[in-house]
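J.: Okay, here's the structure, questions in a sec.
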Amino acid sequence: MKILIVGANGLLGTGAVAALAEGNEIIKASRSGEVSVDLRDPNSIAAMYEQVGKVDAVIAATGVVPFKSITDLTLADYHAGIDDKVLGQVELVRQGLNYVTDGGSFTLTTGITERAPILTGVVASLANGALESFVLAAAIEMPRGLRINAVSPSVLVEAPGYHEYFPGFEQVTLKACGKAYAKSVNGKKSGHTYKVG
């Protein structure tokens, strides 16, 4: 399979690459990679797809949101999180419908704050919930047998800088997250969120 992994140089992206590298052609895209893309810019997404051409699967292991107390969040903060994490991944799907082969798949990335909120995580919870709802709704309308799923990890063992924000949370490994991405790409489910932790 030819698999496009957006955010391939990030932590979750490296887990997806490792889990799917054997027997597949992996195309790595990121803001600073050989295949360059900025999901906040629809023209950048279009240029990426034009460069890469037809693929069998797309993984979005990306998305940035601000972490602030609800009393400190501005409307601009909400827009920043929605524009980057939500609309960036949605646009990757919207444009990708023309590039993913029949029966292929999209896998988006959400996170545990959709189901287990944390202090300062309001925008993250909003973004993750919106993406999971998008996956559910988009799955019933996908053309040509295309599938769409999400991977929703808890805080990673390999991301110690975030551990203090997730007290009492089960920490999950990058390898476990990689397996979830592989299940989404290689499986038959659509409209599903693979929860890791």
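J.: Any chance you could run the full-extension gain for M1 through S36? It's 0.36 nm times the residue separation minus the Cα-Cα distance, nm to one decimal.
T.: Numbers: separation 35, 0.36 × 35 = 12.60 nm, distance 2.09 nm.
The span from M1 to S36 would gain 10.5 nm if fully extended.
J.: If you fit an axis through the alpha-carbon atoms of helix 174-186 and take the longest principal axis of the Cα set of the chain, what angle between them do you get, 0 to 90°, nearest 10?
T.: The angle comes out near 40 degrees.
J.: Counting only helical runs of four or more DSSP H residues, what would the 222 nm mean residue ellipticity of the chain come to if each run contributes -39,500 (n - 2.57) and the total is spread over all its residues? Don't jump to the answer; show the numbers that get you there.
T.: Details: 6 runs with 68 residues, N = 197.
Computed ellipticity for the chain at 222 nm equals -10500 deg cm²/dmol.
J.: Considering amide H positions built from the backbone, and no H for Pro or chain starts, which residues 5 or more places from G191, or on another chain, come under 5 Å of its amide H?
T.: I148, N149
J.: Let me check against my output: what whole-number percent is the relative contact order of the range 54-193, with C-alpha pairs under 8 Å and at least 6 apart?
T.: 26
J.: Still on this structure, I have one more. Output the 0 to 90 degree angle, nearest 10, between the alpha-carbon long axis of helix 122-139 and the longest principal axis computed from the alpha carbons of the chain.
T.: 30
J.: Evaluate E = 1/(1 + (r/R0)^6) for A76 and K189, where r is the Cβ-Cβ distance and R0 equals 35 Å; express this FRET efficiency to the nearest 0.05.
T.: Computed FRET efficiency for A76 and K189: 0.45.
J.: What is the spin-label model distance, in nm, from D102 to Y162 if the labels are put 7 Å beyond Cα along the C-beta direction?
T.: 3.9
J.: Against the longest alpha carbon principal axis of the chain, how many degrees, from 0 to 90 and to the nearest 10, is the axis of helix 42-52 turned?
T.: Long axis of 42-52 versus the principal axis of the chain: about 40 degrees.
J.: List the residues whose amide H sits under 5 Å from the amide H of I59, counting only those 5 or more places along or on another chain, with H placed 1.01 Å from N in the peptide plane.
T.: Residues meeting the amide H criterion: L4, I5, V6, T107.
J.: If the reach is capped at under 17 angstrom between alpha carbons, list the aspartates and glutamates near K195, excluding any in the same chain fewer than eight residues apart.
T.: E114, E132, E170
J.: If amide hydrogens are placed 1.01 Å from N in the peptide plane, which non-local residues have theirs closer than 5 Å to the one on T120?
T.: I70
J.: Dipole magnitude of the chain about its Cα centre, charges +1 at Lys/Arg Cβ and -1 at Asp/Glu Cβ only, in debye to the nearest 20? Please list the in-between numbers first.
T.: Working: 17 positive and 19 negative charges, 118 e Å.
Its charge dipole is roughly 560 debye.
J.: Can you pull out the GluC sites (Glu not before Pro) in the range 1-60 that DSSP calls coil and that have at most 12 other Cβ atoms within 10 Å?
T.: Of the GluC sites (Glu not before Pro), the ones in loops of the range 1-60 whose Cβ has at most 12 other Cβ atoms within 10 Å are E22, E34.
J.: Next up: Let me spell out the model: positive unit charges on the Cβ of Lys and Arg, negative unit charges on the Cβ of Asp and Glu, origin at the Cα centre of the range 33-93. What dipole size does that give, in debye rounded to 20?
T.: Working: 4 positive and 10 negative charges, 27 e Å.
It works out to roughly 140 debye.
J.: Could I ask something else about it? Where does the longest stretch of the chain lie that holds no trypsin sites (Lys or Arg not before Pro) found in a DSSP loop with 12 or fewer other Cβ atoms within 10 Å?
T.: Answer from the scan: 55-143.
J.: Could you tell me the calculated FRET efficiency between R115 and Q51, based on Cβ-Cβ distance and R0 = 35 angstrom, to the nearest 0.05?
T.: 0.45
J.: Can I ask one more? If each residue's Cβ is checked for other Cβ atoms within 10 Å, how do E132, E158 rank with the fewest at the top?
T.: The order, fewest Cβ neighbours first, is E158, E132.
J.: Within straight cross-link reach of K54, meaning Cα distance under 27 Å, which lysines are found once same-chain residues fewer than 8 apart are removed?
T.: Once the sequence-local lysines are set aside, what remains near K54 is K2, K28, K85, K179, K183, K188, K189.
J.: Name the residue, out of V86, V17, V172, whose mean-square fluctuation peaks in a Gaussian network model built on the chain with Cα pairs under 10 Å.
T.: Comparing V86, V17, V172 in the GNM, the peak value goes to V172.
Values in this text are rule-based calculations from the coordinates and carry no lab data. Just so you know, these numbers come straight off a predicted model, no measurement behind them. We place every Cβ from the backbone using ideal geometry, glycine too, and count neighbours over all the protein chains shown.
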